[in-house]
1. LEU221 - would you say it is within 14 Å of the ligand (Cβ to nearest atom), more than 19 Å from ASP100 (Cβ to Cβ) and assigned to a helix (DSSP H, G or I)?
2. When the residues of the range 226-262 are narrowed to those that are assigned to a loop (DSSP other than H, G, I, E, B) and touching a residue at least 12 places away in the same chain (Cβ under 8 Å), which ends up farthest from the ligand (Cβ to nearest atom)?
3. Return a yes/no flag: does the range 26-34 have any residue that is in the same structural domain as ASN163 (by TED's automatic domain parsing), more than 19 Å from the chain's Cα centre (by Cα) and assigned to a strand (DSSP E or B).
4. Would you mind telling me which numbered condition in (1) over 26 Å from ALA40 (Cβ atoms); (2) away from the ligand (no atom under 16 Å from the Cβ); (3) crowded, with 24+ Cβ neighbours inside 10 Å ASN163 fails?
5. Would you please name the residue that is nearest to the ligand (Cβ to nearest atom), looking only at residues in the range 170-206 that are buried (at least 21 other Cβ atoms within 10 Å of the Cβ) and among the polar types (S, T, N, Q)?
6. Where the second residue is crowded, with 17+ Cβ neighbours inside 10 Å and of a type in the set (Ser, Thr, Tyr) and the first is in the same structural domain as GLY140 (by TED's automatic domain parsing) and lies in the range 87-115, which pairs have Cβ atoms under 7 Å and are six or more apart or on separate chains?
7. Which residues, taken from the range 10-24, are in a loop (DSSP other than H, G, I, E, B) and either within 21 Å of LEU225 (Cβ to Cβ) or free of Cβ contacts under 8 Å to residues at least 12 places away in the same chain (or both)?
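The values are calculated or read from the model by the stated rules, or taken from the named source; none is laboratory data. The shown structure was predicted, so the numbers you read here are calculated from the model rather than taken from an experiment. As a convention, Cβ positions derive from the backbone with ideal geometry for all residues, glycine included, and neighbour counts pool all protein chains shown.
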Amino acid sequence: MSTATLKSSGLEGQSAGKTAVCSVAQGDLIYRGYEIHDLAEHATFEQVAYLLLVGEKPTDSQLAEFKKELVSERALPQQVIDYLQAAGPMLKHGSAVPMDVLRTCVSILGNLDDHSQATTHQANLIKSKRLTAKIPTIIGHMQNIIDGREIVPPNAKLDHAANLLYMITGDKPTPEMARVIDVSLILYAEHDFNASTFASRVISATLSDMHGAVTGAIAALKGPLHGGANEAAMDMLREIKHDMGKGVSVENWMSKAFADKRKLMGFGHRVYKNGDHRAPILHKLGRVIAEQKGAEATEWFDIGEQVQKIMLDEKQIFPNVDFPCGMTYFVMGIPIPQYTPIFVASRITGWAAHIMEQHANNRLIRPIAEYVGPPQRRWND
Ligand code: SDX
(Lines give C-alpha, C1' and ligand atoms only; values in the text may rest on other atoms or scores of the structure.)
Protein backbone atom coordinates (compact mmCIF):
# COMPACT_ATOMS: atom_id res chain seq x y z
CA MET A 1 0.00 0.00 0.00
CA SER A 2 1.64 3.27 -1.05
CA THR A 3 1.64 5.99 1.61
CA ALA A 4 0.50 8.40 -1.11
CA THR A 5 -2.79 6.50 -1.27
CA LEU A 6 -3.21 6.87 2.47
CA LYS A 7 -2.26 10.59 2.60
CA SER A 8 -5.14 12.18 4.48
CA SER A 9 -6.77 15.46 3.47
CA GLY A 10 -6.71 16.30 7.17
CA LEU A 11 -10.35 17.29 6.65
CA GLU A 12 -9.00 20.51 5.09
CA GLY A 13 -11.79 22.96 4.30
CA GLN A 14 -14.50 20.56 5.50
CA SER A 15 -17.04 21.74 8.06
CA ALA A 16 -17.33 19.30 10.96
CA GLY A 17 -20.24 20.99 12.65
CA LYS A 18 -21.59 24.23 14.08
CA THR A 19 -20.43 26.26 17.06
CA ALA A 20 -21.52 29.49 18.74
CA VAL A 21 -18.17 29.85 20.53
CA CYS A 22 -15.81 31.19 17.88
CA SER A 23 -15.31 31.99 14.22
CA VAL A 24 -11.88 31.62 12.61
CA ALA A 25 -11.80 33.18 9.14
CA GLN A 26 -9.38 34.91 6.77
CA GLY A 27 -11.05 38.21 7.58
CA ASP A 28 -11.29 38.04 11.34
CA LEU A 29 -11.21 36.00 14.54
CA ILE A 30 -14.33 36.32 16.68
CA TYR A 31 -15.00 34.96 20.19
CA ARG A 32 -18.78 34.90 20.78
CA GLY A 33 -19.18 37.99 18.59
CA TYR A 34 -16.20 39.98 19.88
CA GLU A 35 -13.27 40.53 17.46
CA ILE A 36 -9.79 39.55 18.66
CA HIS A 37 -8.22 43.04 18.33
CA ASP A 38 -11.07 44.49 20.41
CA LEU A 39 -10.56 41.83 23.10
CA ALA A 40 -6.75 42.12 23.10
CA GLU A 41 -6.99 45.88 23.55
CA HIS A 42 -9.91 46.25 25.95
CA ALA A 43 -10.43 42.97 27.85
CA THR A 44 -8.59 40.95 30.49
CA PHE A 45 -8.12 37.19 30.37
CA GLU A 46 -10.60 36.72 33.23
CA GLN A 47 -13.24 38.64 31.25
CA VAL A 48 -12.54 36.56 28.11
CA ALA A 49 -12.60 33.33 30.13
CA TYR A 50 -16.02 34.30 31.52
CA LEU A 51 -17.23 35.22 28.01
CA LEU A 52 -16.17 31.83 26.65
CA LEU A 53 -17.47 29.76 29.56
CA VAL A 54 -20.73 31.61 30.24
CA GLY A 55 -21.40 33.10 26.80
CA GLU A 56 -21.71 36.76 27.68
CA LYS A 57 -19.39 39.60 28.76
CA PRO A 58 -19.46 39.71 32.60
CA THR A 59 -20.91 42.65 34.51
CA ASP A 60 -18.59 44.15 37.13
CA SER A 61 -20.25 42.14 39.91
CA GLN A 62 -20.21 38.91 37.85
CA LEU A 63 -16.52 39.46 37.10
CA ALA A 64 -15.71 40.10 40.77
CA GLU A 65 -17.51 36.88 41.77
CA PHE A 66 -15.80 34.90 38.97
CA LYS A 67 -12.35 36.15 39.94
CA LYS A 68 -13.03 35.31 43.59
CA GLU A 69 -14.05 31.78 42.58
CA LEU A 70 -10.90 31.32 40.49
CA VAL A 71 -8.65 32.56 43.29
CA SER A 72 -10.37 30.23 45.77
CA GLU A 73 -9.74 27.25 43.44
CA ARG A 74 -6.04 27.91 42.67
CA ALA A 75 -4.58 25.58 45.33
CA LEU A 76 -3.81 21.97 44.35
CA PRO A 77 -4.87 18.82 46.25
CA GLN A 78 -1.95 17.10 48.03
CA GLN A 79 -2.25 14.08 45.71
CA VAL A 80 -1.37 16.29 42.72
CA ILE A 81 1.51 17.93 44.57
CA ASP A 82 2.82 14.48 45.55
CA TYR A 83 2.69 13.39 41.89
CA LEU A 84 4.48 16.56 40.79
CA GLN A 85 7.27 15.80 43.27
CA ALA A 86 7.43 12.21 41.97
CA ALA A 87 7.54 13.50 38.38
CA GLY A 88 10.67 15.55 39.11
CA PRO A 89 13.06 12.68 38.23
CA MET A 90 10.97 11.75 35.14
CA LEU A 91 11.29 15.34 33.90
CA LYS A 92 14.99 15.39 34.71
CA HIS A 93 15.48 12.07 32.91
CA GLY A 94 13.56 13.40 29.91
CA SER A 95 11.13 10.47 29.70
CA ALA A 96 8.41 12.98 30.61
CA VAL A 97 8.08 16.56 29.40
CA PRO A 98 5.94 19.23 31.11
CA MET A 99 2.99 18.67 28.74
CA ASP A 100 2.90 14.98 29.74
CA VAL A 101 3.06 15.83 33.45
CA LEU A 102 0.33 18.46 33.07
CA ARG A 103 -1.84 15.92 31.26
CA THR A 104 -1.44 13.44 34.15
CA CYS A 105 -2.20 16.13 36.75
CA VAL A 106 -5.49 16.89 34.97
CA SER A 107 -6.35 13.19 35.10
CA ILE A 108 -5.64 13.06 38.84
CA LEU A 109 -7.79 16.18 39.35
CA GLY A 110 -10.57 14.26 37.61
CA ASN A 111 -10.14 11.32 39.97
CA LEU A 112 -10.52 13.70 42.92
CA ASP A 113 -13.44 15.82 41.65
CA ASP A 114 -16.85 15.06 43.17
CA HIS A 115 -18.42 16.03 39.83
CA SER A 116 -16.00 13.92 37.77
CA GLN A 117 -18.59 11.66 36.11
CA ALA A 118 -21.32 14.30 35.57
CA THR A 119 -21.88 15.90 32.17
CA THR A 120 -24.59 18.39 33.17
CA HIS A 121 -23.99 22.06 32.35
CA GLN A 122 -23.80 22.97 36.02
CA ALA A 123 -21.20 20.27 36.81
CA ASN A 124 -19.21 21.11 33.67
CA LEU A 125 -19.14 24.82 34.56
CA ILE A 126 -17.83 24.03 38.06
CA LYS A 127 -15.15 21.75 36.60
CA SER A 128 -14.23 24.36 33.96
CA LYS A 129 -13.55 26.97 36.64
CA ARG A 130 -11.58 24.52 38.75
CA LEU A 131 -9.35 23.53 35.83
CA THR A 132 -8.93 27.16 34.70
CA ALA A 133 -7.84 28.05 38.24
CA LYS A 134 -5.59 25.06 38.89
CA ILE A 135 -3.66 24.61 35.64
CA PRO A 136 -1.47 27.72 36.26
CA THR A 137 -0.64 26.33 39.72
CA ILE A 138 0.35 22.98 38.22
CA ILE A 139 2.66 24.81 35.79
CA GLY A 140 4.18 26.97 38.53
CA HIS A 141 4.76 24.15 40.98
CA MET A 142 6.18 21.95 38.21
CA GLN A 143 8.71 24.61 37.23
CA ASN A 144 9.68 25.22 40.86
CA ILE A 145 10.39 21.46 41.20
CA ILE A 146 12.39 21.42 37.95
CA ASP A 147 14.38 24.40 39.30
CA GLY A 148 14.95 22.55 42.59
CA ARG A 149 13.43 25.38 44.59
CA GLU A 150 10.70 25.72 47.22
CA ILE A 151 7.17 25.67 45.78
CA VAL A 152 5.84 29.22 45.21
CA PRO A 153 2.21 29.27 46.43
CA PRO A 154 -0.44 31.17 44.45
CA ASN A 155 -0.68 34.89 45.37
CA ALA A 156 -4.33 35.83 45.94
CA LYS A 157 -3.50 39.50 45.38
CA LEU A 158 -2.36 38.89 41.78
CA ASP A 159 -4.68 38.57 38.79
CA HIS A 160 -4.77 35.30 36.87
CA ALA A 161 -2.00 35.91 34.31
CA ALA A 162 0.28 37.79 36.70
CA ASN A 163 -0.08 35.00 39.26
CA LEU A 164 0.89 32.43 36.60
CA LEU A 165 4.11 34.31 35.85
CA TYR A 166 4.77 34.85 39.58
CA MET A 167 4.44 31.15 40.41
CA ILE A 168 6.81 30.19 37.55
CA THR A 169 9.55 32.73 38.33
CA GLY A 170 8.97 33.58 42.01
CA ASP A 171 9.07 37.28 41.12
CA LYS A 172 6.06 39.57 40.91
CA PRO A 173 5.85 40.69 37.24
CA THR A 174 5.95 44.38 36.27
CA PRO A 175 2.59 45.77 35.10
CA GLU A 176 3.87 45.68 31.49
CA MET A 177 4.93 42.02 31.74
CA ALA A 178 1.64 41.13 33.46
CA ARG A 179 -0.32 42.75 30.63
CA VAL A 180 1.69 40.99 27.92
CA ILE A 181 1.16 37.54 29.44
CA ASP A 182 -2.51 38.46 29.98
CA VAL A 183 -2.95 39.37 26.30
CA SER A 184 -1.11 36.20 25.22
CA LEU A 185 -3.68 34.19 27.21
CA ILE A 186 -6.50 36.11 25.48
CA LEU A 187 -4.98 35.34 22.07
CA TYR A 188 -4.51 31.64 22.86
CA ALA A 189 -7.90 31.09 24.51
CA GLU A 190 -10.03 29.84 21.63
CA HIS A 191 -9.82 28.93 17.94
CA ASP A 192 -12.94 26.98 16.82
CA PHE A 193 -12.31 23.40 15.57
CA ASN A 194 -8.49 23.29 15.85
CA ALA A 195 -7.08 19.81 16.39
CA SER A 196 -7.09 19.80 20.20
CA THR A 197 -10.53 21.37 20.50
CA PHE A 198 -11.95 18.95 17.95
CA ALA A 199 -10.36 16.09 19.91
CA SER A 200 -12.13 17.32 23.04
CA ARG A 201 -15.43 17.43 21.14
CA VAL A 202 -15.02 13.91 19.76
CA ILE A 203 -14.36 12.59 23.28
CA SER A 204 -17.25 14.62 24.80
CA ALA A 205 -19.59 13.43 22.05
CA THR A 206 -19.37 9.84 23.41
CA LEU A 207 -20.73 11.40 26.66
CA SER A 208 -17.37 10.90 28.31
CA ASP A 209 -16.41 13.42 31.00
CA MET A 210 -14.68 16.81 30.89
CA HIS A 211 -11.39 15.71 32.51
CA GLY A 212 -11.08 12.91 29.96
CA ALA A 213 -11.80 15.29 27.08
CA VAL A 214 -9.28 17.84 28.40
CA THR A 215 -6.68 15.09 28.86
CA GLY A 216 -7.13 14.15 25.20
CA ALA A 217 -6.96 17.79 24.15
CA ILE A 218 -3.67 18.28 26.02
CA ALA A 219 -2.23 15.26 24.23
CA ALA A 220 -3.28 16.76 20.88
CA LEU A 221 -2.01 20.25 21.67
CA LYS A 222 1.44 18.88 22.60
CA GLY A 223 2.28 18.02 18.99
CA PRO A 224 4.74 20.38 17.20
CA LEU A 225 2.30 20.78 14.31
CA HIS A 226 -0.12 22.33 16.83
CA GLY A 227 0.53 23.93 20.22
CA GLY A 228 4.01 22.45 20.57
CA ALA A 229 5.10 24.83 17.80
CA ASN A 230 5.69 27.72 20.23
CA GLU A 231 8.47 25.77 21.93
CA ALA A 232 9.77 24.44 18.61
CA ALA A 233 9.81 27.94 17.12
CA MET A 234 12.07 29.23 19.91
CA ASP A 235 14.30 26.16 19.63
CA MET A 236 14.59 26.89 15.89
CA LEU A 237 15.57 30.54 16.53
CA ARG A 238 18.20 29.40 19.04
CA GLU A 239 19.56 26.99 16.39
CA ILE A 240 19.71 29.84 13.87
CA LYS A 241 21.50 32.13 16.34
CA HIS A 242 23.94 29.33 17.21
CA ASP A 243 24.74 28.83 13.52
CA MET A 244 25.07 32.57 13.02
CA GLY A 245 27.83 32.37 15.62
CA LYS A 246 29.60 29.99 13.24
CA GLY A 247 29.27 32.44 10.37
CA VAL A 248 26.06 31.13 8.80
CA SER A 249 23.81 34.00 7.72
CA VAL A 250 20.04 33.84 8.27
CA GLU A 251 19.63 33.79 4.48
CA ASN A 252 21.93 30.77 4.12
CA TRP A 253 20.31 29.01 7.06
CA MET A 254 16.90 29.49 5.47
CA SER A 255 18.11 28.36 2.03
CA LYS A 256 19.38 25.12 3.55
CA ALA A 257 16.09 24.67 5.46
CA PHE A 258 14.19 25.07 2.19
CA ALA A 259 16.51 22.66 0.40
CA ASP A 260 16.01 20.14 3.21
CA LYS A 261 12.22 20.67 2.91
CA ARG A 262 12.20 21.52 6.60
CA LYS A 263 8.95 22.62 8.27
CA LEU A 264 9.72 25.95 9.94
CA MET A 265 8.03 26.06 13.30
CA GLY A 266 5.63 28.91 13.99
CA PHE A 267 4.82 29.38 10.32
CA GLY A 268 1.82 28.47 8.23
CA HIS A 269 -1.74 27.68 9.23
CA ARG A 270 -4.46 25.35 7.97
CA VAL A 271 -7.04 28.16 7.85
CA TYR A 272 -5.15 31.46 7.71
CA LYS A 273 -3.42 31.87 4.35
CA ASN A 274 -3.00 35.65 4.59
CA GLY A 275 -1.65 35.76 8.13
CA ASP A 276 -2.77 34.83 11.65
CA HIS A 277 -4.66 37.80 13.15
CA ARG A 278 -3.06 37.10 16.52
CA ALA A 279 0.60 37.09 15.45
CA PRO A 280 1.15 40.84 14.83
CA ILE A 281 -0.61 41.69 18.11
CA LEU A 282 1.74 39.53 20.18
CA HIS A 283 4.82 40.39 18.11
CA LYS A 284 4.32 44.11 18.80
CA LEU A 285 3.84 43.58 22.54
CA GLY A 286 6.78 41.17 22.76
CA ARG A 287 9.09 43.55 20.96
CA VAL A 288 8.27 46.31 23.47
CA ILE A 289 9.28 43.99 26.34
CA ALA A 290 12.46 43.05 24.46
CA GLU A 291 13.37 46.69 23.94
CA GLN A 292 12.91 47.34 27.66
CA LYS A 293 15.32 44.43 28.32
CA GLY A 294 18.02 45.66 25.90
CA ALA A 295 19.99 44.58 22.83
CA GLU A 296 20.43 40.92 23.75
CA ALA A 297 16.63 40.55 23.89
CA THR A 298 15.80 42.60 20.81
CA GLU A 299 18.28 40.52 18.79
CA TRP A 300 15.79 37.61 18.96
CA PHE A 301 13.13 39.78 17.37
CA ASP A 302 15.63 41.06 14.77
CA ILE A 303 16.44 37.47 13.77
CA GLY A 304 12.75 36.53 13.88
CA GLU A 305 11.84 39.42 11.60
CA GLN A 306 14.50 38.34 9.09
CA VAL A 307 13.09 34.79 9.13
CA GLN A 308 9.57 36.15 8.66
CA LYS A 309 10.60 38.29 5.69
CA ILE A 310 12.35 35.40 3.93
CA MET A 311 9.38 33.05 4.55
CA LEU A 312 7.05 35.64 3.09
CA ASP A 313 9.27 36.57 0.11
CA GLU A 314 10.26 33.00 -0.79
CA LYS A 315 7.25 30.91 0.29
CA GLN A 316 4.40 33.41 0.78
CA ILE A 317 3.94 31.84 4.24
CA PHE A 318 3.07 33.97 7.27
CA PRO A 319 3.93 33.41 10.94
CA ASN A 320 1.19 32.02 13.17
CA VAL A 321 0.68 33.04 16.81
CA ASP A 322 3.28 30.53 18.01
CA PHE A 323 6.16 32.37 16.36
CA PRO A 324 5.90 35.67 18.28
CA CYS A 325 4.88 33.70 21.38
CA GLY A 326 8.20 31.87 21.45
CA MET A 327 10.24 35.08 21.28
CA THR A 328 7.99 36.93 23.71
CA TYR A 329 8.00 34.25 26.40
CA PHE A 330 11.76 33.81 25.95
CA VAL A 331 12.56 37.49 26.60
CA MET A 332 10.17 37.33 29.57
CA GLY A 333 12.38 34.61 31.07
CA ILE A 334 9.83 31.79 30.87
CA PRO A 335 11.49 28.37 30.43
CA ILE A 336 10.82 27.03 26.90
CA PRO A 337 9.25 23.71 28.02
CA GLN A 338 6.50 25.68 29.79
CA TYR A 339 5.34 27.53 26.65
CA THR A 340 2.85 24.89 25.54
CA PRO A 341 1.61 24.26 29.09
CA ILE A 342 0.88 28.03 29.22
CA PHE A 343 -1.05 27.57 25.96
CA VAL A 344 -3.09 24.94 27.90
CA ALA A 345 -3.63 27.39 30.78
CA SER A 346 -5.38 29.61 28.25
CA ARG A 347 -7.02 27.12 25.87
CA ILE A 348 -8.70 25.26 28.75
CA THR A 349 -11.35 27.98 28.53
CA GLY A 350 -11.98 27.35 24.83
CA TRP A 351 -11.94 23.57 25.27
CA ALA A 352 -14.35 23.79 28.23
CA ALA A 353 -16.72 26.03 26.23
CA HIS A 354 -16.76 23.49 23.39
CA ILE A 355 -17.17 20.51 25.74
CA MET A 356 -20.16 22.23 27.36
CA GLU A 357 -21.59 23.10 23.94
CA GLN A 358 -21.17 19.49 22.79
CA HIS A 359 -22.73 17.98 25.93
CA ALA A 360 -25.62 20.45 25.77
CA ASN A 361 -26.72 19.40 22.28
CA ASN A 362 -24.95 16.18 21.60
CA ARG A 363 -24.73 13.71 18.74
CA LEU A 364 -21.92 11.12 18.52
CA ILE A 365 -19.15 12.33 16.16
CA ARG A 366 -18.41 9.44 13.83
CA PRO A 367 -17.37 10.20 10.21
CA ILE A 368 -16.99 7.51 7.59
CA ALA A 369 -13.73 6.37 5.97
CA GLU A 370 -12.94 5.67 2.30
CA TYR A 371 -11.54 2.12 2.13
CA VAL A 372 -8.44 1.78 -0.09
CA GLY A 373 -7.15 -1.54 1.29
CA PRO A 374 -6.86 -4.94 -0.43
CA PRO A 375 -9.97 -6.20 -2.26
CA GLN A 376 -11.96 -8.89 -0.46
CA ARG A 377 -10.14 -12.24 -0.25
CA ARG A 378 -10.66 -15.61 1.53
CA TRP A 379 -8.60 -16.61 4.59
CA ASN A 380 -8.01 -20.21 3.49
CA ASP A 381 -7.20 -19.39 -0.17
C1 SDX B 1 -1.60 26.15 15.92
O2 SDX B 1 -5.79 24.99 13.66
C3 SDX B 1 -5.59 25.99 14.52
O4 SDX B 1 -6.38 26.88 14.66
C5 SDX B 1 -4.32 25.84 15.36
C6 SDX B 1 -3.91 27.06 16.20
C7 SDX B 1 -4.87 27.27 17.35
O8 SDX B 1 -4.95 28.42 17.84
O9 SDX B 1 -5.46 26.26 17.83
O10 SDX B 1 -3.88 28.22 15.38
C11 SDX B 1 -2.55 26.84 16.83
O12 SDX B 1 -1.48 24.96 15.97
C13 SDX B 1 -0.85 26.97 14.88
C14 SDX B 1 0.06 26.09 13.96
C15 SDX B 1 1.32 25.74 14.72
N16 SDX B 1 2.14 24.79 13.90
C17 SDX B 1 3.29 25.17 13.34
O18 SDX B 1 3.74 26.32 13.35
C19 SDX B 1 4.05 24.02 12.70
C20 SDX B 1 4.57 24.43 11.32
N21 SDX B 1 3.44 24.59 10.43
C22 SDX B 1 3.12 23.57 9.48
O23 SDX B 1 3.39 22.27 9.91
C24 SDX B 1 1.77 23.79 8.81
O25 SDX B 1 1.75 25.08 8.37
C26 SDX B 1 0.50 23.48 9.56
C27 SDX B 1 0.52 22.12 10.16
C28 SDX B 1 0.25 24.49 10.62
C29 SDX B 1 -0.64 23.57 8.54
O30 SDX B 1 -0.34 22.65 7.63
P31 SDX B 1 -1.31 22.25 6.42
O32 SDX B 1 -2.52 23.10 6.35
O33 SDX B 1 -1.50 20.77 6.47
O34 SDX B 1 -0.45 22.68 5.20
P35 SDX B 1 0.65 21.77 4.51
O36 SDX B 1 1.55 21.16 5.55
O37 SDX B 1 -0.05 20.86 3.58
O38 SDX B 1 1.49 22.85 3.73
C39 SDX B 1 1.07 23.37 2.47
C40 SDX B 1 2.37 23.75 1.78
C41 SDX B 1 3.36 22.60 1.75
O42 SDX B 1 4.18 22.80 0.64
P43 SDX B 1 4.22 21.60 -0.46
O44 SDX B 1 4.71 20.37 0.28
O45 SDX B 1 2.77 21.45 -0.93
O46 SDX B 1 5.17 22.10 -1.52
O47 SDX B 1 3.03 24.81 2.52
C48 SDX B 1 4.27 24.31 3.03
C49 SDX B 1 4.21 22.80 2.97
O50 SDX B 1 5.50 22.27 2.83
N51 SDX B 1 4.36 24.72 4.43
C52 SDX B 1 5.50 24.94 5.06
C53 SDX B 1 5.12 25.30 6.37
N54 SDX B 1 3.80 25.26 6.48
C55 SDX B 1 3.32 24.90 5.27
N56 SDX B 1 6.78 24.89 4.64
C57 SDX B 1 7.72 25.18 5.58
N58 SDX B 1 7.43 25.52 6.85
C59 SDX B 1 6.17 25.58 7.28
N60 SDX B 1 5.88 25.90 8.53
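1. So LEU221 does not fit the description; no.
2. GLY228
3. Looking through the range 26-34, at least one residue is in the same structural domain as ASN163 (by TED's automatic domain parsing), more than 19 Å from the chain's Cα centre (by Cα) and assigned to a strand (DSSP E or B).
4. Answer for ASN163: the failing condition is (1).
5. If we take residues in the range 170-206 being buried (at least 21 other Cβ atoms within 10 Å of the Cβ) and among the polar types (S, T, N, Q), then ASN194 is nearest to the ligand (Cβ to nearest atom).
6. Between residues of the range 87-115 that are in the same structural domain as GLY140 (by TED's automatic domain parsing) and residues that are crowded, with 17+ Cβ neighbours inside 10 Å and of a type in the set (Ser, Thr, Tyr), the close pairs are MET99/THR340; ARG103/THR215; THR104/TYR83; CYS105/TYR83; VAL106/THR215; SER107/THR215; ILE108/TYR83.
7. GLY10, LEU11, GLU12, GLY13, GLN14, SER15, ALA16, LYS18 - these are the residues of the range 10-24 that are in a loop (DSSP other than H, G, I, E, B) and either within 21 Å of LEU225 (Cβ to Cβ) or free of Cβ contacts under 8 Å to residues at least 12 places away in the same chain (or both).
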